Amino acid sequence: MGYVPGVLTPKPRGTLSDALFEAMRTDSSSWDGVLGIEPDHDDDAQIALWTLYELHYRGFDDVDEALEWQPELLQVRQVLEQPFEARLRERYDAPDVTTPFAEVFFDYVANHDGRSLAAFVHREADADQVRELLSVRSIYHLKESDPSAWLVPRLSTAPQAALMELQYDEYGAGDPNRLHAHLFARGLEACGLRSGYGAYIDDVPCEVLEQNNAMSMFGLHRRLRGAALGHLAAFEATSSMPSRRMVQGLDRLGFPAEIIGYYEEHVEADAVHEQLAVRVVCNSLLDAEPALADDVYFGAFTCLDLEDRFAGAMLEGWAA
Ligand SMILES: [Fe+2]
Ligand SMILES: [Fe+2]
């Protein structure tokens, strides 16, 4: 498994994505028709941005891979990124103090009051709701650690070594069968769901696109390395306990061992990863570059805030 051929551009969600995907597929010699088109709404903007970012990951079978660095496409991407980043920064609620870093950071994450999908799965969700959740989460889980991999060459010695220790686990510690994205793919298959990369992209709500796009934006811009690592640290720090609740909920509903195994792996692994990400990766980053403290918290807030909005959208959809 791993790379699954046959990934095509998603369904457009508005005027911009419609014109953009058509131009990408036909390798338009004139890009004028795409530049300057305003997105109809957030959904249109976010699916366009997600598709542009994918040129840097797996690409699409119906798009020439040479377009990855097409200047007009980078221009469209920038026009979409600027208001997106500004909106995320407007929502950001900074901590009063930022040191001592690890203690303040763990408190900041613990005090963020968000809705929990894992708690709902644990006690209340039915099997169809869980299957829907797994399918929309697949957009993230099938590329789990890839947005953090962009960070590696941008760091100094100590945070670089710690990030690689964490990533080594995420990528299976040398064993393709232990690679987290692959474990999730096997879990999807055992549930009778599609495991192809991006297979559910046309079904996901805008909140899922925002979560994935924020990670790609933080990962792909060197200037946002603080936000990328803060996001990673907040993600790891809010994974172990919810993963346990997912295990209990999946078990309650009789889901297959493969998908339960994915979450069991994260109960153990992320209890270690949160310590590594906060106490070593971010801490040593800030030792080397203290001016990045606010961006680390901005990234952490964005992770928690987007997850809260995603959870809210799913729970409202289920009228839960
Ligand atoms: Fe993982
Ligand atoms: Fe992890």
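Here are the numbers for the structure shown:
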read-out: Solvent-accessible ranking of 106, 101, largest area first, probe 1.4 Å; value: 106, 101
read-out: Added length on full extension, which subtracts the Cα-Cα distance from 0.36 nm per residue, residue 56 to residue 202; value: 50.6 nm
read-out: Most to least packed among 144-156, 182-194 [average Cβ atoms within 10 Å]; value: 182-194, 144-156
read-out: Calculated FRET value between residue 294 and residue 319, using beta carbons and R₀ = 45 Å, to 0.05; value: 0.70
read-out: Region 59-137 - Kirkwood radius from inverse mean 1/r over Cα pairs (Å); value: 17.5
read-out: Rg to Rh, two decimals, where region 6-121 supplies the alpha carbon set and Rh follows Kirkwood; value: 1.13
read-out: Rounded to the nearest 10 Å², the accessible area of residue 37 at probe 1.4 Å; value: 50
read-out: In Hz, Karplus ³J(HN,Hα) per residue of region 13-23 (6.51, -1.76, 1.60; θ = phi - 60°; x = Gly, Pro); value: 10, x, 4, 5, 5, 4, 5, 5, 5, 4, 5
read-out: Å² of accessible area per residue within the chain, as computed with a 1.4 Å probe and no ligands counted; value: 43
read-out: Helical contribution to [θ] at 222 nm, DSSP H n ≥ 4, -39,500 (n - 2.57), averaged over the chain, rounded to 500; value: -19500 deg cm²/dmol
read-out: The chain, accessible surface, carbon-and-sulfur percent (1.4 angstrom probe); value: 50
read-out: The chain: translational diffusion in µm²/s, Stokes-Einstein, Kirkwood Rh over Cα pairs, 4 °C, 1.567 mPa s; value: 64
read-out: Rg(Cα) / (2.2 N^0.38 Å) computed for region 172-256, rounded to two decimals; value: 1.29
read-out: Computed label-point distance, nm, for sites residue 257 and residue 102 using a 7 Å Cα→Cβ extension; value: 3.7
read-out: By accessible area with a 1.4 Å probe, ligands and nucleic acids excluded, highest first: order of 318, 50; value: 318, 50
read-out: Peptides 208-215, 91-98 ordered by average Cβ neighbours within 10 Å, highest first; value: 208-215, 91-98
read-out: Ranked packing of 246-252, 227-233, 122-128, 74-80, most packed first, by mean Cβ within 10 Å; value: 227-233, 246-252, 74-80, 122-128
read-out: Label-point separation in nm, residue 11 to residue 272, each point 7 Å along Cα→Cβ; value: 4.2
read-out: Sequence-separation-based contact order of the chain, relative, with Cα cut under 8 Å and 6+ spacing, percent; value: 23
read-out: P(r) histogram, all alpha-carbon pairs of region 169-320 included - 5 Å bins from 0, percent; value: 2, 9, 14, 18, 23, 18, 10, 5, 2, 0
read-out: Centroid-to-centroid separation of region 147-166 and region 278-320 [C-alpha atoms, Å]; value: 18
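The values are calculated or read from the model by the stated rules, or taken from the named source; none is laboratory data. The model shown is predicted, which means the values in this text are computed figures rather than measured ones. All Cβ positions, even for glycine, are placed from backbone atoms using ideal geometry, and neighbour counts span all protein chains on display. Quick note on the areas: whole protein, heavy atoms, side chains included, nothing else; ligands and nucleic acids left out. Shrake-Rupley method; radii C 1.70, N 1.55, O 1.52, S 1.80 Å.
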